[in-house]
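The values are calculated or read from the model by the stated rules, or taken from the named source; none is laboratory data. The structure displayed is predicted, hence computed values, not measured ones. Surface accessibility is based on the protein's heavy atoms, side chains included, excluding ligands, DNA and RNA. Shrake-Rupley method; radii C 1.70, N 1.55, O 1.52, S 1.80 Å.
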Amino acid sequence: KAMDSWIGAHKSSLIRSWGPPNRYDSDGQGGEILIYEKQWKDGAVVHNLYFEDSYTSYKMFYVNKDGIIYYWKMGTR
């Protein structure tokens, strides 16, 4: 629901609240995608061996050519 509250807002409001995105991409329709990424590592000891994985979570906000957010997507890789 918190992410849904950004739909219809101007991208400048998002940037004021969250700071600048990590990167931008094209939405393929004359607008852009603001991409916020967070990276972290998680590790565990199994049978006296240490294993570590790194993850990236992302939140993507799709913005039309007028700067209005019309869609969002999030996930982890």
Going residue by residue through the range 61-72, is there one that turns out to be open to solvent by 40 Å² or more (accessible area, probe 1.4 Å), part of a helix (DSSP H, G or I) and of a type in the set (Val, Ile, Thr)?
no
Going through the range 26-54 in order, the residues found to be open to solvent by less than 80 Å² (accessible area, probe 1.4 Å), within 19 Å of the chain's Cα centre (by Cα) and not small (Gly, Ala, Ser) are Asp27, Glu32, Ile33, Leu34, Ile35, Tyr36, Glu37
